[in-house]
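Please treat every number below as a calculation from the coordinates, not as lab data. None of the values given here were measured: they were computed from a predicted structure. We place every Cβ from the backbone using ideal geometry, glycine too, and count neighbours over all the protein chains shown.
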Amino acid sequence: MEGMQIGGPQWVGLPLRFEQTDFTAKLEAAVDLLASDSEGLMRGQAKCVEQTFEETLEAQPPAWGASEVTCNKSALILAAFCRSNAGRCGLTVAIGENIAIVQRTFKKILPAFATNGSQFDQLFKDGEAFRIGKLEGRAIHTPGHTPACVTYVIGDAAFVGDTLFMPDYGTGRCDFPGGDAHMLYRSIRKLFALPAQTRLYICHDYQPGGRAPLWQSTIAEQRERNVHVHDGVGEEEFVAMRNARDNKLDMPLLMFPAVQFNMWAGQLPRPEDNGVSYLKTPLNQL
């Protein structure tokens with residue numbers, strides 16, 4: 001399993017090859033939201049997915065081709081692209097059922113969209129099992145960064161979204177609408193109950209101190225060394241730290257455009273009467 005840095009220092013892509021299956025699974029870790037890179041990132045990843053499909057056309061199609069660890073604009077655009085261009089491989093898009101909570105939260109301030117998750121092909125319940133070819137996995141709800149965050153456990157690997165970063169950087173922020181530091185702490189403790197050598201694959205790496213990019217750790221390493229939530233850090237201590245840290249963070253530059261793609265599962269928002277789709281920014285909210 002190898003990682004590759006694409007489109008900026010924060011993003012790590014993980015094309016995954018498992019010898020025990022005849023389907024090459026490609027799971028998205030995450031894509032950063034830099035507008036200048038988004039189109040190129042999608043092209044590059046689409047090429048990777050296309051190559052994967054070409055290599056495995058005669059293999060058993062996956063039960064689920066794209067499972068979202070966190071509701072992420074660029075990964076969802078890619079998923080929508082693949083869903084519309086990969087009918088011969090039966091690609092579908094799945095996410096945790098709590099995406100409906102995020103949709104209901106943002107519907108108060110953004111243009112209308114369904115709030116039942118119907119934009120996605122499958123909504124995973126907590127603990128629900130799924131298959132990718134011969135691989136068996138399960139979805140674990142890990143809310144906190146957002147209500148919709150999910151960890152996917154496949155064999156001895158877990159894809160944790162923005163729940164955990166590398167041990168020297170800590171944990172994901174909790175100040176987005178619906179985020180909650182108490183929930184994040186409890187989600188992390190749930191993950192810490194996995195076997196110690198479970199490999200964790202992260203979404204972003206912010207390279208503290210300018211070190212080389214990393215994308216994999218283990219439960220044991222996180223429990224021992226995570227600077228925010230190692231063993232011995234209690235819930236109230238963590239929540240106080242996380243909230244204080246989040247109070248100093250700016251809102252992401254592309255928050256509202258990204259959320260609108262997220263709510264539509266990577267599709268463009270519904271066209272208005274003139275046939276044009278718009279991404280809108282509320283001027284007096286948040």
Checklist outcome for this item: Counting sequence-distant residues (5 or more places) and residues on other chains, those with an amide H built under 5 Å from that of Trp264 are none
Checklist entry - Of Lys125/Lys190; Lys108/Lys248; Lys107/Lys248, which ones are farther than 18 Å apart at the Cα? => result Lys108/Lys248; Lys107/Lys248
Checklist entry - Of all DSSP beta bridges located in region 148-280, what percent are antiparallel, nearest 5? => result 70
Checklist entry - What chymotrypsin sites (Phe, Trp or Tyr not before Pro) does region 143-218 have in DSSP loop regions with at most 15 other beta carbons within 10 Å? => result Tyr206
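Determine, from the Cβ-Cβ distance of Ala220 and Arg104 and an R0 of 35 Å, the FRET efficiency 1/(1 + (r/R0)^6), rounded to the nearest 0.05.
On the way: r = 38 Å, r/R0 = 1.08.
Given R0 = 35 Å and the Cβ-Cβ separation, E is 0.40.
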Checklist entry - In region 226-286, what trypsin sites (Lys or Arg not before Pro) fall in a loop by DSSP, with at most 15 other Cβ atoms inside 10 Å? => result Lys248, Lys280
Checklist entry - What ³J(HN,Hα) values, in whole Hz, does the Karplus curve 6.51 cos²θ - 1.76 cosθ + 1.60 give for region 139-151 when θ = phi - 60°, with x put for Gly and Pro? => result 9, 10, 5, 10, x, x, 4, 9, x, 8, 5, 9, 10
Checklist entry - What residues have an amide H closer than 5 Å to that of Thr92, excluding those fewer than 5 places away on the same chain, when H is modeled at 1.01 Å from N in the peptide plane? => result Gly65, Ala66
Checklist entry - How about region 198-286: which GluC sites (Glu not before Pro) there are in a DSSP loop, with at most 13 other Cβ atoms within 10 Å of their Cβ? => result Glu272
